[in-house]
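Q: Here's a structure for you.
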Amino acid sequence: MIAFSTPTIEELNSIQTEWMTLSHEAPEYEKQRVFALFDRLPKSYLSGDGSVFSPMVQGAPIWAEGRPLSEALEYANLHGNIRLDVAWVAPRWVALPN
């Protein structure tokens, strides 16, 4: 089994770019390569528009509407296993303040 480190913000955005540019006509080996990269993206993280956020757990939002970052971080800290150093703010991953 190969152990992977937690992707950096640069790696997350690179993976996202590869995913978004993957052609449905790409050879199967290229699709599998990008699928393996995509699998490295966080499954539990914060997602928002930059002003409000919702914790995402296994790809599903906890709240129907976003809340201030401080509230989202507080909830995420209590829930555990949510990546808190980055957030998805479409169309890219951004670093969160410490």
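Q: Quick check: pseudo-label points 7 Å beyond the Cα along Cα→Cβ at residue 84 and residue 18, how many nm apart are they?
A: The modelled label-to-label distance comes out at 2.9 nm.
Q: Continuing with the same structure: Please identify every one of the chymotrypsin sites (Phe, Trp or Tyr not before Pro) in the stretch 37-98 that sits in a loop by DSSP and has no more than 10 other beta carbons within 10 Å of its own beta carbon. Please list the in-between numbers first.
A: Details: sites: 38, 45, 53, 63, 75, 88, 93; in loops: 63.
Here no loop site has a sparse enough neighbourhood.
Q: For the chain, what is the mean residue ellipticity at 222 nm derived from helices alone (per DSSP H run of n ≥ 4: -39500 (n - 2.57); sum divided by total residues; nearest 500 deg cm²/dmol)?
A: Details: 3 runs with 35 residues, N = 98.
That calculation yields -11000 deg cm²/dmol at 222 nm.
Q: What spacing in nm lies between the two simple spin-label points modelled at residue 31 and residue 95, each 7 Å away from Cα in the Cβ direction?
A: Taking the two extended label points, one gets 3.7 nm.
Q: Can you give me the long-range amide H partners of residue 86? Hydrogens built in the peptide plane at 1.01 Å from N, cutoff under 5 Å, separation of 5 or more residues or another chain.
A: Those lying under 5 Å, H to H, from residue 86 are 96.
No lab work stands behind these numbers, since they all come straight from the coordinates. Not measured: the values here are computed from a predicted model. Note that we place each Cβ from the backbone using ideal geometry, even for glycine, and neighbour counts take in every protein chain shown.
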